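Each remark here refers to the structure printed beneath this line.
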Amino acid sequence: MVNALRAREALPQDIHVEWTSPLVEELLWLPDVVAGIFARAETGDRTLEDLLSGDHLVERISCH
């Protein structure tokens with residue numbers, strides 16, 4: 001996936017990507033949780049997004 005994104009110039013060449021196990025690095029689960037919250041919001045359930053957003057800026061970007 002990294003190579004495909006770089007080939008489409010959606011991921012800059014100078015960004016370092018490293019693979020590790022979520023069993024070793026527990027914070028790897030956090031992006032999945034946040035993505036799940038916003039995926040639910042896209043289907044109309046904004047309950048969790050509203051709790052997450054609060055006073056924080058949420059900026060959505062898309063990679064094509």
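Since every read-out is calculated from the coordinates, none of them should be taken as a lab result. Note that this is a predicted model, so its numbers are computed, not measured. All Cβ positions, even for glycine, are placed from backbone atoms using ideal geometry, and neighbour counts span all protein chains on display.
So the values come out like this:
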read-out: Label-point separation in nm, residue 43 to residue 20, each point 7 Å along Cα→Cβ; value: 3.1
read-out: Sequence ranges 44-54, 18-28, ranked by mean other-Cβ count within 10 angstrom, highest first; value: 44-54, 18-28
read-out: Between helix 29-42 and the chain: long-axis angle, C-alpha atoms, 0 to 90°, nearest 10; value: 60
read-out: Rough spin-label spacing in nm, given labels placed 7 Å along Cα→Cβ, for residue 4 and residue 28; value: 1.9
read-out: Dipole magnitude (debye, nearest 20) for the chain, charges at Cβ of Lys, Arg, Asp, Glu; value: 280
read-out: Approximate shape of the chain as ellipsoid semi-axes (Cα gyration tensor, √5λ), whole Å, largest first; value: 26, 17, 11
